[in-house]
Amino acid sequence: MAAVGVDGLNFHTLPQAAYGLFSFRRIRGRWLGHVAPDYYGLVTFARAAPPGSRLLSTSGPSDGLQTWATQTPTGAIHVVVINSGASPRTVGVRIPAASGPGSLAYLRSSALSSGSVTLAGRTFGGLTSTGTLPEQARGRRVAVQPVHGDYVIRVPAPSAALLTLSVRHSPR
C-alpha cells in the first residue's frame, strides 16, 4: 500500500472483538488497559516507517521469512525481517550505503498466537495504566557490526528483527 501512496490507516473495533488492539476495564477505581499482541506489531511498524519514510526494494530468501526496508527522511535505514517459520534463521543483510554498527531490536513471542510479547525486551504487561512501553532499564538493543559488508542477524521463530542502520554520507 505504501508503494501506491497510502499514508495512513484507521482501525475500528467493537467491545469484546477478538481482533481488538486493546481493551479497558475499571479495577478499584482505576482504568487499566490490556494490549493485544497485534499492537506490538503496529508499534514496530511505526518505528520502522516513521512519517516521510520511503519503501526500499529488497531481495533474499522467502521461505518463512519476509523482509521489508525503509529509509527515513533523516537517512536512517530500517530493515524488518519477520520469521513466521518453525525454526530460527540467520540472515545476512547487505546495504552498500550503510556504515558503522547497526542497532537490532526484537519483537518476540513464544508462539504466533501468544499473549506474551516483548519489543526490545519491554512489555506493556498484563494490564497497563499508562499505555506506554516502560523505558529501557538495560540496553535491549543489540549492536551489530558488519562482517565483510553483511550485517548478520539471527531471527528466532516466531519473531521479527528490526535492524537500524546509519547511511554513509558522501563528501561534497
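The single condition among (1) touching a strand residue (DSSP E or B) at 6+ places or on another chain (Cβ under 9 Å); (2) farther than 25 Å from V79 by Cβ; (3) open to solvent by 50 Å² or more (accessible area, probe 1.4 Å); (4) at pLDDT 90 or above that R28 does not satisfy is (1). Just one of the listed residues (T74, T90) is open to solvent by 80 Å² or more (accessible area, probe 1.4 Å), at pLDDT 90 or above and touching a Lys or Arg at 6+ places or on another chain (Cβ under 6 Å), namely T90.
Suppose the filter is under 17 Å from the mean Cα position of the chain (by Cα) and polar (S, T, N, Q); does N83 pass it? Spell out how you get there, then give the answer.
On the way: under 17 Å from the mean Cα position of the chain (by Cα): yes; polar (S, T, N, Q): yes.
Against the criterion (under 17 Å from the mean Cα position of the chain (by Cα) and polar (S, T, N, Q)), N83 qualifies.
Within the range 119-165, being under 12 Å from S103 (Cβ atoms), modelled with pLDDT of 90 or more and not hydrophobic (A, V, I, L, M, F, W, C) holds for Q145, Y151, T164. Within the range 17-35, can one find any residue that is within 20 Å of V152 (Cα to Cα), assigned to a loop (DSSP other than H, G, I, E, B), over 17 Å from the mean Cα position of the chain (by Cα) and hydroxyl-bearing (S, T, Y)? Among the residues of the range 17-35, not one is within 20 Å of V152 (Cα to Cα), assigned to a loop (DSSP other than H, G, I, E, B), over 17 Å from the mean Cα position of the chain (by Cα) and hydroxyl-bearing (S, T, Y), which makes the answer no.
Could we say that S99 is open to solvent by 60 Å² or more (accessible area, probe 1.4 Å) and either of a type in the set (A, V, I, L, M) or at pLDDT below 90 (or both) here? I'd like the intermediate steps shown before the answer.
Values: open to solvent by 60 Å² or more (accessible area, probe 1.4 Å): no; either of a type in the set (A, V, I, L, M) or at pLDDT below 90 (or both): yes.
The answer is no for S99.
Flag: A49 matches the condition of being surrounded by 10 or more Cβ atoms within 10 Å (Cβ to Cβ) and without any contact (Cβ under 8 Å) to a residue 60 or more places away in the chain. If you check T13 against the conditions, is it surrounded by 13 or more Cβ atoms within 10 Å (Cβ to Cβ) and part of a loop (DSSP other than H, G, I, E, B)? For T13, the condition - surrounded by 13 or more Cβ atoms within 10 Å (Cβ to Cβ) and part of a loop (DSSP other than H, G, I, E, B) - is met.
The values are calculated or read from the model by the stated rules, or taken from the named source; none is laboratory data. Quantities reported herein were computed from a predicted structural model and do not represent experimental measurements. FYI the Cβ positions are ideal-geometry reconstructions off the backbone, even for glycines, and counts take in every protein chain you see. These accessible areas exclude ligands, DNA and RNA; they are computed on the full protein's heavy atoms, side chains included. Shrake-Rupley method; radii C 1.70, N 1.55, O 1.52, S 1.80 Å.
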